[in-house]
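See structure below.
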Amino acid sequence: MRILGIETSCDETAFGVVDGGRRLIANIVSSQVELHAEYGGVVPELASRKHVEAVIPVLDETLRQAGCGLDGLDALAVTYGPGLAGALLVGVNFAKALAWSLGLPLVPVNHLEGHVYAAWLDNEEGPRFPSLVLIVSGGHSDIVLMEGHGRYQRLGQTVDDAAGEAFDKVARLLGLGFPGGPAVDRLAAGHGRATSVKLPRARVYGEYDFSFSGLKSKVQRLVSGEEGETPEAAELAAAFQESVVDSLVTKALAAAAENGAREIVLVGGVAANSALRATLAERSHVPVVVPPPALCTDNGAMIAACAYYRFEAGNVAPLSLDVEPGLKIG
Ligand code: KG4
Ligand code: ZN
């Protein structure tokens, strides 16, 4: 069953085709990074307009890569939340019009669930439930126990900034531009692991909750010289990254052990982080599943993959489908 996945929740216009929920056929992502870079972050109104311009060219390119026409598709899928309302609307309305005109079912997909399903794309080993899922992106940091397809129990989340948001803000403090995650990753990698700057791990009330805003403020004070001589940027990037990675990995491992998880799944844009990938793999006693970096950040293939299982469970959207910018998982 070939599904076309459509993703426009933030600043990537992305389409993908996946067969049977696992086999990747095509994946095209048109990023708006350059458009937003001069503003230091995503400008919602500009994002929506760019999506409108990009949907048809990106669809055409995706079908070219898939080697089929619209008649080669069995269903469509679209992200309806969470994300920026105006950006989501472009994808949802485009998907509804396309589904109606082709007479195909449209499957509504939660963006966060989509991230999870990137883990098993073109991966011979399917899910080993219960899976402990760590979703870390620009908008979310969630620890979720996945007991089966579509069965999620959220065990923890960030109480303030998301992990990716913290990376982006610290990158700005260090003058590294936008998006900051990859830049901090590169700068820290050049520095190596040992750093003389020690940054705190936040203590949070919930056992599996996170907090990153205090850490960001600490970096801000160090950068401004309020706490004595400012350490060099690479040193700060490495120490910040080490603190975030340590918090994420420690809590994910504890949640996995307590819930008898048979694997740990690391997904979302921050899952592209080299230190996070390496540290989790090093410290975990159960297999760790992480998509290749290109499938960690937003893409349409993950939406198509997830949709296969949602469709099997009978989930088809009515034409009245609306966006849900605040949608959660679990
Ligand atoms: O999942 P995603 O593409 O979009 C959202 O759903 O938010 O995640 C984007 C986030 C950004 O904050 C970006 O800085 C971060 O993922 N990111 C990284 C890396 N690559 C992307 N963070 C740390 N290290 C990276 N290599
Ligand atoms: Zn995302």
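The values are calculated or read from the model by the stated rules, or taken from the named source; none is laboratory data. This one's a predicted model, so the numbers in the text were calculated from it and none came from an experiment. So basically every Cβ, Gly included, is an ideal-geometry build from the backbone, and we count neighbours across all protein chains shown. Ligands, DNA and RNA are stripped out before the accessible areas are found, and what is left, the full protein with its side chains, is counted by its heavy atoms. Shrake-Rupley method; radii C 1.70, N 1.55, O 1.52, S 1.80 Å.
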Full-extension gain between ASN93 and THR250, please, as 0.36 nm times their residue separation minus the C-alpha to C-alpha distance. 52.4 nm
Cα gyration tensor category, rounded, prolate or oblate, for the chain with a/c compared to 1.5: prolate
Starting from the residue with the highest accessible area, list SER131, SER320, SER211 in decreasing order, probe 1.4 Å. SER320, SER211, SER131
Using the heavy atoms of the protein chains and a 1.4 angstrom probe, tell me the accessible area per residue for the stretch 1-151 in square angstrom. 37
Inter-label distance, nm, simple model (7 Å from Cα along the C-beta direction), GLU45/GLU207: 4.7
Given LYS50/LYS169; LYS169/LYS218; LYS50/LYS216; LYS169/LYS198; LYS169/LYS328; LYS216/LYS328, which pairs have Cα atoms separated by over 21 Å? LYS50/LYS169; LYS50/LYS216; LYS169/LYS328; LYS216/LYS328
Apply the a/c threshold of 1.5 to the C-alpha gyration tensor of the stretch 1-141 and tell me whether it is rounded, prolate or oblate. oblate
Going by a ≥ b ≥ c, the root eigenvalues of the Cα gyration tensor, does the stretch 132-248 fall in the rounded group (a/c under 1.5), the prolate group (a/b larger than b/c) or the oblate group? prolate
Using 1/(1 + (r/R0)^6) with R0 = 35 angstrom and r between the beta carbons of SER217 and VAL33, what's the FRET efficiency to the nearest 0.05? 0.85
Determine the dipole magnitude for the stretch 4-162: charges of +1 sit on the beta-carbon of Lys and Arg, -1 on that of Asp and Glu, nothing else is charged, the reference point is the Cα centre, and the result goes in debye to the nearest 20. 380
Taking 7 Å along the Cα-to-C-beta vector as the label spot, tell me the ASP19-MET1 distance in nanometres, rounded to one decimal. 1.6
Are there any chymotrypsin sites (Phe, Trp or Tyr not before Pro) in the stretch 15-95 that are in a DSSP loop and have at most 11 other Cβ atoms within 10 Å? List them by number. TYR39
Rounded to whole Å, give me the distance from the Cα center of the stretch 242-263 to that of the stretch 217-240. 27
Gain in span if fully extended, PHE129 to VAL159, counting 0.36 nm per residue against the direct Cα distance: 8.1 nm
Counting only protein heavy atoms and leaving out ligands, DNA and RNA, the solvent-accessible surface of HIS51 at a 1.4 Å probe, in Å² to the nearest 10, equals 0
So, with points 7 Å from each Cα along the Cβ direction, the ALA189-GLU147 label distance in nm works out to 3.9
